[in-house]
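To start, the structure under review is shown below, and the notes come after it.
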Amino acid sequence: MCGSRFSLSALLLVLSGFAVVPGLANASSSFYTGVGAVVVDTKTCTSSNCHTESPVTCNGCHGHGTHKDFNKNSINLLATTDKSSYVVGDDISVTLKGGYIDGGWVRVNVYDSSGTPLVSNSTECPHNAASYASTCDLPVTLKTRAVAGMTSLYVGWMGNEYDTAGAKNGDAIASGIGVGKRATSTARHIEEVVLTNTFTVADSTPAPAPAKSGGGSFDWLLLSGLMGMSFLRRKAAR
């Protein structure tokens with residue numbers, strides 16, 4: 001009897017260990033199966049409307065794609081450009097990194113300082129595609145053109161909003177563009193928006209060369225000497 005109790009206790013301990021190990025708990029494909037329209041497990045972005053494409057996405061869920069670890073107490077999205085200075089017309093490569101579970105895919109959007117969309121990976125990674133390339137997973141790199149006046153860019157992670165209760169979210173963006181969380185036109189999806197590093201964009205037209213001097217005292221003396229020599233020669237010839 002004592003031995004059987006020990007075996008049962010050991011089994012329960014092992015099973016409970018699997019339940020709390022974050023790498024095992026958060027990576028299972030079974031978490032993409034929902035019941036009706038009810039969110040079964042908000043920690044794992046599970047609902048009947050979750051994506052089922054191949055591969056299923058982890059980084060497209062707020063619980064996995066915006067935090068640094070399973071504690072979910074911070075936003076670790078980081079957007080950087082490939083250089084700190086550009087010329088008008090140059091390509092700017094913008095890379096968004098984040099999340100703590102590799103795998104799947106996510107939507108990434110780049111905006112200028114006024115909130116105008118510049119580029120998105122929606123063409124290469126369209127909504128509800130049958131399958132996704134590895135380039136659709138974080139980190140994602142997109143290119144846009146340098147324009148005069150640019151000093152930084154906004155980059156948005158777009159995915160399912162569900163997360164663990166009490167998990168960190170960006171401050172709500174009431175309207176327009178900014179750093180934080182904002183609603184999208186897609187139900188149950190939000191954007192977490194971050195700002196890139198600052199950079200400069202120089203005019204592509206070269207600066208005009210400085211105008212040459214109209215003539216200094218040396219030039220005037222040289223011209224006067226030549227005129228004087230010419231006069232003396234003509235006078236001697238007479």
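Bear in mind that the values in this text are calculations on the coordinates, not laboratory data. Just so it is clear, the model here is predicted, and its values are computed rather than measured. Note that we place each Cβ from the backbone using ideal geometry, even for glycine, and neighbour counts take in every protein chain shown.
Below are the figures for this structure:
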item: Order by protection proxy (mean Cβ within 10 Å, highest first), peptides 104-112, 188-196; result: 104-112, 188-196
item: Three-way shape call for segment 123-208 based on the alpha-carbon gyration tensor, with the a/c threshold at 1.5; result: oblate
item: Rough spin-label spacing in nm, given labels placed 7 Å along Cα→Cβ, for S122 and M227; result: 7.5 nm
item: Residue-wise HN-Hα coupling along segment 194-204, computed from phi with Karplus coefficients 6.51, -1.76, 1.60 (Hz; x: Gly, Pro); result: 10, 10, 6, 5, 7, 8, 10, 10, 8, 5, 7
item: Calculated FRET efficiency for the pair T184/T135, C-beta based, R₀ 22 Å, to 0.05; result: 0.50
item: Extension gain, S84 back to S204 (0.36 nm per residue minus Cα-Cα distance, nm); result: 41.6 nm
item: Nearest-0.05 FRET efficiency for N71 and S113, computed from C-beta distance (R0 41 Å); result: 0.80
item: Residue (of Y132, V179, V147) at the positive-pole extreme of segment 118-201, dipole from beta-carbon charges; result: V147
